[in-house]
1. Taking R0 as 35 Å, what FRET efficiency do you get between residue 173 and residue 29 from their Cβ-Cβ distance, rounded to the nearest 0.05?
2. Rank the residues 19, 166 as a footprinting-exposure proxy: fewest other Cβ atoms within 10 Å of their Cβ go first.
3. Provide the packing ranking of 131-143, 151-163, i.e. peptides ordered by the mean count of other C-beta atoms within 10 Å per residue, highest first.
4. Roughly how many nanometres apart are two label points built 7 Å out from the Cα toward the Cβ at residue 143 and residue 157?
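Just so you know, all these numbers are worked out from the coordinates, no wet-lab data involved. The structure presented is a predicted model; accordingly, all values stated were derived computationally and were not measured. Counting neighbours? That spans all protein chains shown, and the Cβs are built from the backbone with ideal geometry, glycine included.
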């Protein structure tokens with residue numbers, strides 16, 4: 001599995017009191033997981049696409065590096081959506097570019113929170129993720145998440161094909177919606 005450190009670089013030495021995240025501690029916990037590829041991209045990297053002056057957010061061009069170089073390094077990605085660590089049930093939940101990139105590129109993933117999968121089931125394809133209940137159980141619990149990731153790594157040959165099959169189904173349905181509704185922007189802004 002593969003993670004990037006850009007978020008942790010951006011919030012280095014920061015504790016988010018709203019979501020109760022100590023970014024330094026969280027990064028150290030993730031680095032300890034065996035067989036996780038930590039991609040050094042962003043501000044402190046000399047091998048990413050920071051010198052591309054095309055488009056991107058004002059902080060970095062990590063999106064280009066992620067999409068063109070990192071995304072395909074692992075067969076399975078860990079999706080960490082924007083509000084995944086929020087315990088506030090009223091926090092806005094939507095599918096962002098993080099999920100759309102994985103779905104459009106047909107890249108299998110497990111999520112750190114169940115809400116992206118809930119939205120996929122409600123708005124794209126009503127087929128349950130093969131590990132939905134495990135993902136729901138680990139939502140907002142770092143220790144359980146680490147244990148689940150370790151379980152996936154240990155049982156990769158058994159678990160990966162099921163996740164790949166689900167991803168293929170969702171990818172195909174999303175492609176149909178894009179072609180038939182003829183408005184990906186509308187789908188992103190009004191459907192989810």
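1. Values: r = 35 Å, r/R0 = 0.99.
FRET efficiency, residue 173 to residue 29: 0.50.
2. Details: 19 14, 166 21.
Fewest-to-most Cβ neighbours within 10 Å comes out as 19, 166.
3. On the way: 131-143: 15.7, 151-163: 13.8.
Sorting 131-143, 151-163 by mean packing, highest first, produces 131-143, 151-163.
4. 3.2 nm
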